[in-house]
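Accompanying notes for the structure given below.
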Amino acid sequence: MPARPLTLLVTGFGPFPGAPFNPSSAIVAMLGGAAARRLERLGVRLATACLPVVFADAPGALSSLLAETMPDAVLHIGLAGRRKKLGVERQGRNRLTSLFPDAARALPASRHIVAQAPDFRRARLPAARLARTLNGAGAAAEVSRDAGAYVCNQTLFLTLGEAIPLVGFIHIPRPRGRRPLARAKTPRIPLRVMAKAIEEALVAIAREARRAQ
């Protein structure tokens, strides 16, 4: 009996203060061709979306998207402009910043994402293995302790509260050719190289989802 089709949801994010161009959404848009066909051959349907960088809107937007797609695996991709490498996050924190406003120029209503929830929720993807996959595809990557305290972290923490077998987050640096947030000169990875590396990570996630089925 053939295995049932699986759905892999991949999301990017829209612009936010200091980042009028968010390359995570561009990478997600680039995944609709060859990457989707490769996943289809593995019996995995690729679903993609761009989420708002708004504290108040993130829970509802995420909930609607998960209800619509009913994914077996989720990978969020977000921008961390000061990083030099792609970062595969180990966990989400039950914490939100009070320093950096969102795309609506607003701060979160609470410092906690979910009241009385644990301080951390561990990602449900093999972070070290994904980092090796990204490095092997030519995009410098490392495992990162957690997803910070901005809307990206909020989204990861909320997704990890759902009964989805595989959930993870990859932060990307600003690509080559885009002005960095910091003044310091740092090497930048081309957008197409990051997109190709993330395609390889998706194939690895799809195989992991098949094994977990």
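Taking the numbered list (1) buried (at least 21 other Cβ atoms within 10 Å of the Cβ); (2) in contact with a helix residue (DSSP H, G or I) (Cβ under 8 Å, 6 or more places away or on another chain); (3) of a type outside the set (A, V, I, L, M) in turn, G87 passes all entries but (2). The residue of the range 166-190 that is surrounded by the fewest Cβ atoms within 10 Å (Cβ to Cβ), among those that are at pLDDT 95 or above and of a type in the set (A, V, I, L, M, F, W, C), is L166. Residues considered: A204, A209, A128. Of these, the only one that is in a helix (DSSP H, G or I) and modelled with pLDDT under 95 is A209. Looking at R105, R93, just one residue is surrounded by 20 or more Cβ atoms within 10 Å (Cβ to Cβ) and of a type outside the set (F, W, Y), and that residue is R93.
Kindly provide the set of residues from the range 1-31 that are buried (at least 20 other Cβ atoms within 10 Å of the Cβ), out of contact with any Leu (no Cβ under 7 Å at 6 or more places or on another chain) and hydroxyl-bearing (S, T, Y), ordered by number. Result: S25, single match.
Applying a threshold of 8 Å to beta carbon distances and a minimum spacing of six or more residues, or different chains, the list of pairs starting in the range 195-213 at a residue that is of a type in the set (D, E, K, R) and ending at one that is assigned to a helix (DSSP H, G or I) and buried (at least 19 other Cβ atoms within 10 Å of the Cβ) reads E199/A35; E200/T133; E200/L134.
Exactly one residue out of R111, R121 is assigned to a loop (DSSP other than H, G, I, E, B) and not small (G, A, S): that is R111.
Within the range 74-89, residues that are over 20 Å from P15 (Cβ atoms) have Cβ atoms under 7 Å from residues that are assigned to a loop (DSSP other than H, G, I, E, B) and among the hydroxyl-bearing types (S, T, Y) in these pairs: K84/T186, counting only partners at least 6 apart in sequence or on another chain. Given the conditions (1) crowded, with 17+ Cβ neighbours inside 10 Å; (2) farther than 30 Å from L99 by Cβ; (3) among the aliphatic types (A, V, I, L, M), and given that A34 satisfies all but one, which numbered condition is not satisfied? Here A34 clears every test but (1).
The values are calculated or read from the model by the stated rules, or taken from the named source; none is laboratory data. Since the structure is predicted, the reported quantities are computational estimates derived from the model, not experimental observations. Ideal geometry is used to build each Cβ from the backbone, glycine not excepted, and the neighbour counts take in all protein chains shown.
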